[in-house]
Amino acid sequence: MSPFRSHMQAALQEARLAAARGEVPVGAVVVSRTGQVVARAGNRTRELNDPSAHAEMLAIRAACAILGQERLVDHDLYVTLEPCAMCAGVISHARIERLYYGASDPKGGAVEHGARVFDHRQCLHRPEVYGGINETECARLLTDFFAAKR
């Protein structure tokens, strides 16, 4: 097994691209056990008129399509913001091995806040969770985006 290497910068790049499109700046990447980025995405809810087009959902969908399978066993997900309940559910169903997220989301997050999806008995799969990866940079991107909207 190779030493840990964060892929949060790739997720941040996707978040910046989302912001440039006028989307809430959240980015995600799916990474294989060997460290290969399989899929990447940023939020596209406005562009696609789809409330489910969160970065995590799009990256997981793309990875599944590329690999031709519905489960991402031995894959990790890097996302710039703590996932919501919808995304946490998909992360569980996809069998993501490890979730790395940047900024906490006390209002809409559902991993360490709110619903705490992975803590429920009904949760099909619980990934290892690591929060606070590049937290300051991830949070600043969101803060700056919303400050510019006001």
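For the reader, a short list of remarks on this structure follows.
- Selection within region 128-150 - buried (at least 16 other Cβ atoms within 10 Å of the Cβ) and of a type in the set (A, V, I, L, M, F, W, C): Val129, Ile133, Cys138, Ala139, Leu141, Leu142, Phe145
- The residues on offer are His120, His125, and the sole one that is surrounded by fewer than 18 Cβ atoms within 10 Å (Cβ to Cβ) and closer than 17 Å to Glu56 by Cα is His125.
- Restricted to helices (runs of 4 or more DSSP H) entirely inside region 19-102, those with at least 3 residues that are open to solvent by less than 10 Å² (accessible area, probe 1.4 Å) are 55-67, 85-93.
- Single residue of Ala94, Ala63 found to be small (Gly, Ala, Ser) and either at pLDDT below 95 or closer than 19 Å to Gln9 by Cβ (or both): Ala63
- Being within 20 Å of Glu14 (Cβ to Cβ) and either assigned to a loop (DSSP other than H, G, I, E, B) or touching a strand residue (DSSP E or B) at 6+ places or on another chain (Cβ under 6 Å) (or both) is not true of Gly114.
The values are calculated or read from the model by the stated rules, or taken from the named source; none is laboratory data. Keep in mind that this is a model prediction, so the values were computed, not measured. Counting neighbours? That spans all protein chains shown, and the Cβs are built from the backbone with ideal geometry, glycine included. Heavy atoms of the whole protein, side chains included, go into the accessibility calculation; ligands, DNA and RNA do not. Shrake-Rupley method; radii C 1.70, N 1.55, O 1.52, S 1.80 Å.
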